[in-house]
Each structure stands twice: as structure tokens, then as C-alpha cells.
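Every number here is computed from the coordinates shown, using simple stated rules; none is lab data. Values in this document were obtained by computation on a predicted structure and should not be read as measured data. Because the Cβ atoms are built from the backbone with ideal geometry, glycine has one as well, and the counts that use them run over all protein chains shown.
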Amino acid sequence: MPDLTSNTAGIISPNPFWLASAPPTNSGRQIMRAFEAGWGGAVWKTLGQPIQNVSSRFGGIHWRGERAAGFNNVELITDRSLEANFKEMAEVKRLFPKHAVISSLMVETKEEWKEVVKRSIDAGADGIELNFGCPHGMCERGMGSAVGQEPKVNQEITSWVKEYSSIPVLVKLTPNVGDIVPHGLAAQAGGADGVSLINTIKSIIGVDLEKMAPQPVVGNKGSNGGYCGAAVRPIALHMVAALARDPGFNIPISGIGGVTNWRDAVEFIALGSSSVQVCTEVMLRGYRIVEDMIDGLTRFMTEQGYETIDQMVGKAIPAYSEWGDLNINFESVAKIDAEKCIGCNRCMVACHDGAHQCIHPNPDGGLTPVVDESECVGCNLCEIVCPVPDCITMTEVDNGYAATTWNEHMTSGTKIRPKKGSHGYDMP
Amino acid sequence: MNQKLPANRAELVFEDFKKPYSEQQARAEANRCLYCYDAPCIQACPTEIDIPTFIRRIANENVEGAAKTIFDSNILGMSCARVCPVETLCVGSCVYNHMDASPIQIGKLQRYATDAAFDAGLSFYEAGEDTGKSVVCIGGGPASLAAAHRLRRFGHKVTIIEKDHYLGGLNTTGIASYKMKADRSLTEVEWLMSIGGIEVRSGISVPDQMSWADLQAEFDAIFVGFGLGEDSLLSLEGADSKGIMGAVDFIAKMKLGMVDLSSVQHAIVIGGGNTALDAVRELKGLGIDNVTLAYRGGEAQMSGYAHEWSEAKREGVSASWRSQPLAFIHNNGKLTGVEFQLMDENKKAIDGQTKTLNADLVLLAIGQGKLGALTSGLTGIEVEKGKIVTDAHGATGAKGVYAGGDCRNGGKEVVNAVAEGDQAAQAMHTFIMGGGSCRT
Ligand SMILES: Cc1cc2nc3c(=O)[nH]c(=O)nc-3n(C[C@H](O)[C@H](O)[C@H](O)COP(=O)(O)OP(=O)(O)OC[C@H]3O[C@@H](n4cnc5c(N)ncnc54)[C@H](O)[C@@H]3O)c2cc1C
Ligand SMILES: Cc1cc2nc3c(=O)[nH]c(=O)nc-3n(C[C@H](O)[C@H](O)[C@H](O)COP(=O)(O)O)c2cc1C
Ligand code: SF4
Ligand code: SF4
Ligand code: SF4
């Protein structure tokens, strides 16, 4: 049996699955139910001076039959008193001493930071997460992403917290920046023990076309909110990886953003996360999703021979390369399995209109279109649109050219293969 | 034109065999469609409805647009959605059949979109600018209705001549009630007529009550869409016993009014085609316990659709294969049974082998007469095995006379009648606008 224990900057949990700071971690009762369901850790719904929320807070993208493929919210931090929250936190830790409880905080003055850090430690929290990420409401008041977008402020507040904290401190980063790296480095410079990312992405989820107002509509107006859920995963994966492979960055990462199952979680781990946090998928389907996350992860590790989570952390980072260092002479072409093909011609229209005009109707009138391999650029588009599993396979071809990169070609003139694809369409 | 049906009709006991979709179900099914390119489902639809486009419009919450896409190709798209044998047409050719996945329920999606348009009171089309030309459609069935609507959109003055009272042809009087009831067909007729300017003369049979010469004198072009004739009957011993009817005749009576089946315990339907399969399921639905299909061939030799027969079996219909009627047995003129000659694999009689089944009702579903001969008064027209011969566009050998539907194809489906009516209308338009006329 592989060991699922996870260690993120000294915060130990029985598995790498944490609830992100959000409605699923609003109260002690909820977190205890989540731990019973199998979650390894929970980042408490951000604590600060209690706020008042608006009614009508969430919006979803319902895309081709899938409800809430993307999700957004205009909710603020906790609306419950610090008193009640810390009392419940202590109770959770008393009943679940082995599970990780992380106190998420967002306040303004140094005095306030000192107080909430102390109260978190007194309540028995295993770590602290600084919410420098909320992209709506709180940032208008100079907190949340307003802090996360300014490396100097980020570093300074982090160092305040470190001054008062005897437990690990994670800085939760906002994705609403051009390049995530300087922000991770600022947290590190401030003394953070780790970072967590991403928080939500500034967004308008849609427009109510009758009221002509952004959604979610509050009465007759709407505001920008924070985007999350499955749709944001690629952005989150990139940001996690960008930090993980930066030579100057060397503190642990807790990965967040669009995790829906064990496979998504392993992708975050492979790109450098020591633990993963989940919010939206739990909001949509409940705490019970963790059961299969644990089971799937265990099976995957057993199959692949991994014994600990640490062995997988950052496993895919060495293969994350600059474009200029990819093998420009690698060549693949699409091959269609006529046995599997159902004749929908989606590959053909996609290739004709969206790629390189090299899939054609079957010259013998058969069901299956044919690929002109001499023109196929190996772009993968047909393979992506084909509805039949394993019907189109991108197959490597040996073109006789030695492996080389664009950068090598530019610096030392290595030989690169001729171009392919729709050159018959070139205008004179 | 009063098209009101009596309040009490036997067919009202039937419920839809294929239930309508809710909005959610329709959206989910629409999202499953692959939006194929050069889609095989379109090729399988005789009216060539742009199926991927209308389905995508449902998925995109443009249900009215979806309905418009359907009606653009098939003005009877609402009834076709219910009555088409989709299993052998569009749905049967959906690419999902090549995968181990259930094909898209195109008929149910088509029903969803067209019903929504009806409910919203959208009729989409207006009559074209008056051309000063005048055309006539003979028969008020699907073929003529499709032709009439198209011709009206071109701006011609259109007249429909129907021998009976109700319009819609077999769509009103023949369709199995678990697919569509008569009132729905009449709703469609009314919807179609709302384009305005289509005159209906009912109760007139051509050529008996209005001659070809009269028609040629009054109109610039003629569309013949009078379908098929009465049920074929059997001239066997006892054939005039009480309790023997043509199946199409019986079905029409059940759909348009009441039938008294209180004394019927055993019913036999003779035939192996789709009318026979509809009839056995209808008798079951009307509450008759013992319903038997008697066919002179074996199960695999039936021309009726396999999917319909498997439903009939599931509903408890029994079969007597390789059974050819020899004589009707009766008691003082009242039917009590049928004696059958047993047949071999090649539908040849096996000497000396017969059997008798009890029956107090027999429906004959062995075909309908062909009406081509009614056109003998038209010079140049050609009739083959009772079917009116036309070119690929529906033109007969008689100048300005076109034909479509069952009278031309020998009896196919509503959708074929619509396709042929529409196509002929386009050819008629070209003919008239090019200065042609059948006027003598
Ligand atoms: C029992 C039965 C069930 C069927 N079920 C289905 C089904 O489920 N799905 C499907 O797609 N198809 C079905 N069909 C076939 C379908 O009904 C026909 O293919 C279709 O109705 C043909 O249309 P039409 O306009 O050519 O002829 P018809 O529908 O027959 O219409 C012809 C019209 O012309 C009138 N007429 C006849 N003679 C004259 C005359 N001399 N002068 C003036 N008017 C005249 C008739 O009264 C009738 O109204 C069924 C047929 C039958 C018999
Ligand atoms: C309704 C809602 C409320 C949230 N509240 C907070 C919060 O109080 N503090 C915080 O750090 N992040 C908050 N988040 C962000 C989530 O913790 C998480 O970073 C983000 O949703 C991405 O993860 P996901 O794709 O799994 O949802 C909130 C998200 C949602 C949807
Ligand atoms: S779950 Fe639904 S009903 Fe409950 S608070 Fe949220 S929006 Fe309101
Ligand atoms: S997309 Fe796939 S199934 Fe469809 S035609 Fe192309 S190869 Fe065949
Ligand atoms: S063949 Fe099936 S999947 Fe393809 S467009 Fe037609 S209905 Fe949709």
C-alpha cells in the first residue's frame, strides 16, 4: 500500500486532499463532516472582520449539457464572528488531531494580523494561509488581490505574519497578474514557508440578456467575480509549474484550481504541488468525491510503483521545456483506424477549415476519410475532434532528420526538416 | 372548411408510444449530436432536412430557429416527427449506430422543436407576390398539402380538390393512433392553411365529379396527389360474412369515430406489411385480448418493419405464420373463424395441410388498390402497374400535369409524399413561370 501522507511546508495530513478556503469550510461542523468523509486537510473559510454578503452570489457556465463547467462567485470572506470560528477550530482540532487545519486570514493592520495569527495558533491550527487573492470586493478595500498584485506589500505583510507565527505560513497567490513568478518570490522573500495557488480569476461569467446586466445579477446589477472550477485548471497548472521550475523558487506549493478527481490532483502533484485543494467540485457534488480521489490515487501509485507522495512531486517538471528547446524535427501524422471510424467527417471539416486541408473524402466512396500524410502537419486537431476513442492515432514517423531544436538551429545552423501542410493553397 | 372531429372517437384511448421530450431531455440529447459534416442522417431523410443544424439550434436554445430549419425542407415536419419510421430512415443512419452507442433520437428532437413552434403560434411563411397563375392539387393528403404550400409561397393561386371531408389524407385517417391522432393532423392542416389563399373544394371526386377537361380549362398546372384506393379484399367462400373489413377502412372508422368491439373475442389481421402491424397493435390497444397476425410467409419474410413487429409481440400479439386464408367460416352470416392453407418456405401451398382459427373480426391488410387508371382521360399520361409514371421532378407525360405521393411511388411514407409534392411544386413553378400551361 502506498503511503498517502502529505507534507506541505511542515503541515502534515493523512492524504494530500485539502478543502480550499471557501463555503465548504465555513464552519466547524462542515469540516468535521468532511474529515469523516476522508478529506486530509481543510483551509478554513477566510477569517477577518466579518462582512455582509450580497444575495445571488454564484454563477455557472452551462456548456453543451454540462452544468457549471466553469463557476464564479462574488462572495467575500467569512460573515461569521471570529469568536465563533476560533472556538469551532479548537473543537475540530480536539476531535481530529491528525487532520490538517489551516487558518486562512485576511485583515488590514499589523495589529490585527498579530491578533488573528495568535488566535489561530491558540486554536490549534497546523498552519496559516494568507489570503492575498480574492479578486472582488475585498480588493476594493485594499485587501486580497490588491495585496497579491503588489510584490512589495505581499513581502511586507508576509514578514509581519512570520514575525508572529510559530506555525507554517502559506501565502495564497492571485492569478490576476501577468507573471506569477515575482509574486511567489516575494512571498518567499517575506519568509513564507510555502505558497498556495491559484485563487479565483477576475471574471464576468455571463450576461443576463433580458436584464442586460452581468451575472450573477444582484437585483438589476452585477459585478465582476472570481472564476474557478474545471475550466480554470489549465491556467492553474501553468502557474504552479512556472513557480516549480523557477530556479530561484524553492518553497513547497499547495496546488488549487479546477481539481475534480484523482487524476487532476496527480497532474498538480506532478507539476510541483505537495498537496491539492478543492473548492468548486465539492460545492457542486459534495464531500463524498474524496472517496474516489483516495481510491484512484492509491491505485495509480500502486500501478506505477510510487510509494510516497513526495516521489511524485514535480515529476513532470524536467520535461517542461521552452518552445525553442523542443525537437523541431520530431514528426507525427494522423492515422485513422477504418474499423473504428463511424463516418461523421468531423476530422475532415476540422482539417479543412481549421487546419491544413489534408483529410479528404474516401476516393472509393467508403465511410472513412483518408489522410494525405505527405501534407499532414501532425497538429492533433482531428484526433481532438474525433468522437471515437483511439480511432485517430497520432503516429511518429521517421523522417531521417536528426533531433534538433529551433534554438540550436538559430545558433549553430543544425538541419531542420521541410515544412508541410496546405502549401498548394499559398497565394502566388 | 369545417374540420371538426366528433367528441367521441375510439382512438382517444391511445397514448403516445414515444413520449415527448422535456426541455432538459431535448437539450441533453441535442448536445449528444456530433454535428457531423456531410451527415448521413440528412442523406437518409427523403426531404433532406438539415438535421445537424436544427439539432445544434436546439442545443443553442434557438428552438424557433430549429423549427424553421425543419419546415424549410419539410412543411409537414411536425407530423413527420411523429409518424416517420425513423429507425429505418434518419435515426437508422446516425453515425452512432456504427459505435456501440444509441443513435440520436432525431424524430423526438424534431417533435420538440416543431411542437414548440406550433405552441408559440409561429407559422414562418407568407404567400408570395401574386403571379396571376392558378394551380390545382388533387387530393388533400400530405403530397398535395406540401405542393400547395410551396406553390402558394411562390405566389400562385392554389386550389385543393378532395373527395372526402377531412384534409390530411392518410395522415388524418390512417396513422396508428399511438403515433399521432387525427386531431393533431388537422391542427397541422390548419397551421399550413394559415398561409392564406388556398381554396379547398371538398366532396368532389376527380374525374367523376370534375373532369380532367374542366381542370385543364380552369388551371395552368395540375398536381395529382390522390394516393391509393380502397383496401384490397378476398373473394373467398364466406367473404360477405359480417365481421370482415378492410384494415385501412377499419382504422379510419376508429380514428374518426367510434367502433363497437364489445362482441369481439378473437381478431385476426391478414397480411404482413406495415398496415397489418399497425392494425394488430391498434386492436390490442382497443382492448381485444386475442389478436393474431396471419401471414402467408414466415417472420423474416414480412415486409413490415421488424421494430414494429417486436413491439407488437411485446404487447402480446400472436402470429400464425405460413397461413394463407382458404375460406371464412360463419354462422348464419356472422363470422366465427378462418380456415387457412399452410404454406412452405417458398410461400407454396403444402398439400393437404390446413388449419382453422376462431375469429369474430377479420381485418384484411393485403394492400390497397392503385388509382393510376383514373388519369386515363389525360392524353400523354403513362401508368405502370397502377402507378403514375413521372420524370425525376414529378412531371407526367401530360403537359402541365405533375404527380407525387402514393399514387406515384406505389405507397411509401408520409415523408416521401412530402418530398415528392414539394419537388413537383418547384418543377410546376418553373414550368408556369416559363410560360407553360396545361390549359387546352
Ligand atoms: C394504415 C396506414 C398506416 C400508415 N402509417 C404510416 C406511418 O406511420 N408513417 C408514414 O410515414 N406513413 C404511413 N402510412 C403511409 C402514408 O400514410 C402515405 O404514404 C401518405 O399518406 C401518402 O400521402 P398522399 O398524399 O400521397 O396520399 P393520401 O394520404 O392517401 O392522400 C390522398 C388524398 O386524396 C383523396 N382522394 C383520393 N382519390 C381522390 C379522387 N379521385 N379525387 C379527389 N381526391 C381523392 C383522398 O381522400 C385523400 O385525402 C400509412 C398508410 C396506411 C394505409
Ligand atoms: C464561493 C467561493 C468562495 C470563496 N471564498 C474564498 C475565501 O474566502 N478565501 C480564499 O482564499 N479563497 C476563496 N475562494 C477561492 C477558492 O478557495 C479556490 O482558490 C478557487 O475557487 C479555485 O479552486 P476550485 O477550482 O477548486 O474552486 C472562494 C471560491 C468560491 C467559489
Ligand atoms: S443553496 Fe440555493 S437556496 Fe440555498 S442559499 Fe444557496 S441559492 Fe439559496
Ligand atoms: S472524426 Fe473519427 S469517426 Fe469521424 S470520420 Fe473522422 S476518423 Fe471517422
Ligand atoms: S448522424 Fe447522428 S450524430 Fe451525426 S449529425 Fe446526424 S443525428 Fe447528429
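Contact order normalised by length for the range B:232-364, with contacts defined as Cα pairs under 8 Å and 6 or more residues apart; what percent is it?
32 percent
Name the residues whose placed amide hydrogens come within less than 5 Å of the amide hydrogen of residue B:160, ignoring near sequence neighbours (fewer than 5 apart) on the same chain.
B:137, B:199, B:200, B:201
Using a Förster distance of 60 angstrom, determine the FRET efficiency expected from the C-beta separation of residue A:295 and residue B:239, and round it to 0.05.
0.25
Any chance you could check the Cα centroid distance between the range A:105-143 and the range A:270-320 for me, in angstrom?
About 28 Å separates the Cα centre of the range A:105-143 from the one of the range A:270-320.
In whole angstrom, how far apart do the alpha carbon centroids of the range A:321-362 and the range A:1-19 sit?
Rounded to whole Å, the Cα centres lie 41 Å apart.
If amide H atoms are built 1.01 Å from N in the plane of the peptide, which residues on other chains or at least 5 residues away come under 5 Å of the amide H of residue B:371?
B:229
Using the 2.2 N^0.38 Å rule of thumb for compact globular proteins, work out how the protein assembly as shown stacks up: its C-alpha Rg over that value, please.
Normalised Cα radius of gyration, the protein assembly as shown: 1.29.
Using the charge dipole of the range B:368-440 (Lys, Arg: +1 at Cβ; Asp, Glu: -1 at Cβ; taken about the Cα centre), state which of B:423, B:436, B:378 has its Cα farthest towards the positive end.
Among B:423, B:436, B:378, the one farthest towards the positive end of the dipole of the range B:368-440 is B:378.
Calculate log10 I(q)/I(0) of chain A for q = 0.11 Å⁻¹, where I(q) comes from the Debye formula with a single equal point scatterer on each Cα and nothing for solvent.
Taking Cα atoms of chain A as identical point scatterers yields -0.91.
Skipping prolines and chain starts, which residues have an amide H placed within reach, meaning under 5 Å, of the one on residue B:154, given they are 5 or more residues away or on another chain?
Residues meeting the criterion, in which the H sits 1.01 Å from N, are B:128.
Cut-off under 27 Å on the C-alpha distance; same-chain residues fewer than 8 positions from residue A:87 excluded. Which lysines are left, in chain and number order?
Result set, ordered by chain and number: A:45, A:98, A:110, A:114, A:118, A:162, A:172.
So which trypsin sites (Lys or Arg not before Pro) in the range B:349-440 pass both tests, a DSSP loop state and at most 16 other Cβ atoms within 10 Å of the Cβ?
B:385, B:412, B:439
Cα axis of helix B:142-153 to longest principal axis of chain B: angle in degrees, 0 to 90, nearest 10?
Helix B:142-153 sits roughly 10 degrees off the main axis of chain B.
Mind putting a number on the dipole of the protein assembly as shown about its Cα centre? Charges go on the C-beta only, +1 for Lys and Arg and -1 for Asp and Glu, and I need it in Debye to the nearest 20.
It works out to roughly 1220 debye.
What is the magnitude of the charge dipole of the range B:17-119 about its Cα centre, with +1 placed on the Cβ of each Lys and Arg, -1 on the Cβ of each Asp and Glu, and no other charges, expressed in debye to the nearest 20?
220 debye
In sequence order, what are the phi-derived ³J(HN,Hα) couplings for the range B:376-390 according to the Karplus relation 6.51 cos²θ - 1.76 cosθ + 1.60 with θ = phi - 60°, rounded to whole Hz, with x for glycine and proline?
Using θ = phi - 60°, the values come out as 4, x, 9, 5, x, 6, 10, 10, 10, 6, x, 9, 6, 8, 9 Hz.
Relative contact order for chain B: what is it in percent, counting Cα pairs under 8 Å that are at least 6 residues apart?
Computed value for chain B: 17 percent relative contact order.
Can you tell me the orientation of helix B:182-193 relative to chain B, as the angle in degrees between its alpha-carbon axis and the longest Cα principal axis, to the nearest 10?
In chain B, helix B:182-193 runs at an angle near 20 degrees to the longest axis.
How fast does the range B:232-364 diffuse by Stokes-Einstein, in µm²/s, taking the Kirkwood radius from C-alpha pairs at 4 °C and 1.567 mPa s?
Rounded, D is 87 µm²/s.
Determine the principal axes of the Cα atoms in the range B:291-440, then give the extent along each, sorted from largest to smallest and rounded to whole angstroms.
64, 34, 30
Say a site is exposed when it is one of the GluC sites (Glu not before Pro), sits in a DSSP loop, and has at most 12 other Cβ atoms within 10 Å; what is then the longest site-free stretch of chain A?
A:1-209
Only four residue types carry charge here, +1 at the Cβ of Lys and Arg and -1 at the Cβ of Asp and Glu. Report the dipole size of chain B about the Cα centre in Debye, rounded to the nearest 20.
Using only the charged Cβ atoms, the result is roughly 120 debye.
Provide, as a two-decimal number, the C-alpha radius of gyration of the range B:17-119 over 2.2 N^0.38 Å, N being how many residues it has.
0.94
Give the Rg/Rh ratio for chain B, taking Rg as the radius of gyration of the Cα atoms and Rh as the Kirkwood radius, to two decimals.
Answer for chain B: 0.98.
Which order do A:275, B:22 fall in if you start with the one that has the fewest other Cβ atoms within 10 Å?
B:22, A:275
Once phi is turned into θ = phi - 60°, what whole-Hz ³J(HN,Hα) does the Karplus curve with 6.51, -1.76 and 1.60 give for every residue of the range A:37-54, x standing for Gly and Pro?
My calculation for the range A:37-54 gives 6, x, 4, x, x, 8, 9, 4, 3, 3, 9, x, 5, x, 10, 10, 8, 8 Hz in order.
Okay, helix-only estimate at 222 nm for chain B: each DSSP H run of n ≥ 4 adds -39500 (n - 2.57), divide by all residues, round to 500 deg cm²/dmol; what do you get?
Computed ellipticity for chain B at 222 nm equals -10000 deg cm²/dmol.
If the limit is 25 Å between Cα atoms, which of B:108/B:313; B:133/B:370; B:18/B:68 go over it?
Exceeds cut-off: B:133/B:370.
Quick one: 3J(HN,Hα) in Hz for the range B:157-174, Karplus 6.51/-1.76/1.60 with θ = phi - 60°, rounded, Gly and Pro as x.
Computed from phi, the couplings for the range B:157-174 are 7, 10, 10, 10, 10, 10, 6, 8, 8, 7, 8, x, x, 5, 4, 8, 9, x Hz.
Please name which of A:153, A:261, A:389 has its Cα lying farthest along the dipole of chain A towards the positive end, using unit charges on Cβ (Lys, Arg +1; Asp, Glu -1) and the Cα centre as origin.
Sorting the options by dipole projection puts first A:153.
First check a/c for the range A:323-412, with a ≥ b ≥ c the square roots of the eigenvalues of its C-alpha gyration tensor; if it is under 1.5, answer rounded, and if not, answer prolate when a/b is larger than b/c or oblate otherwise.
Because a/c hits 1.5 or more and a/b exceeds b/c, the range A:323-412 counts as prolate.
How large is the helix-only mean residue ellipticity at 222 nm for chain A, computed as the sum of -39500 (n - 2.57) over DSSP H runs with n ≥ 4, divided by its residue count, in deg cm²/dmol to the nearest 500?
After summing the helix terms and dividing by residue count, I get -8500 deg cm²/dmol.
Residues with beta-carbon under 14 Å from that of residue A:8, excluding residue A:8: net charge, scoring Lys, Arg +1 and Asp, Glu -1?
-3
Find how many whole Å separate the alpha carbon centroid of the range B:311-335 from the alpha carbon centroid of the range A:386-403.
Taking the Cα centre of each part, the range A:386-403 and the range B:311-335 sit 63 Å apart.
Just want the answer: with Cβ charges of +1 for Lys and Arg and -1 for Asp and Glu, which residue in A:217, A:298, A:379 is farthest toward the dipole's positive end in chain A?
Working it through, the farthest residue towards the positive pole turns out to be A:217.
With label points built 7 Å along Cα→Cβ from the Cα atoms of residue A:407 and residue A:261, find their separation and express it in nm.
3.6 nm
What do you get for the angle between helix A:82-95 and the principal long axis of chain A? Use alpha-carbon atoms, 0 to 90 degrees, nearest ten.
For A:82-95 against chain A, the angle is about 80 degrees.
State the extension gain, in nm to one decimal, for the chain segment bounded by residue A:322 and residue A:393, taking 0.36 nm per residue of separation less the distance between their alpha-carbons.
Taking residue A:322 through residue A:393 to full extension adds about 23.0 nm, to one decimal.
Gaussian network model of chain B, Cα springs within a sub-10 Å range: biggest mean-square fluctuation belongs to which of B:349, B:279, B:146?
Of B:349, B:279, B:146, the Gaussian network model singles out B:349 as fluctuating most.
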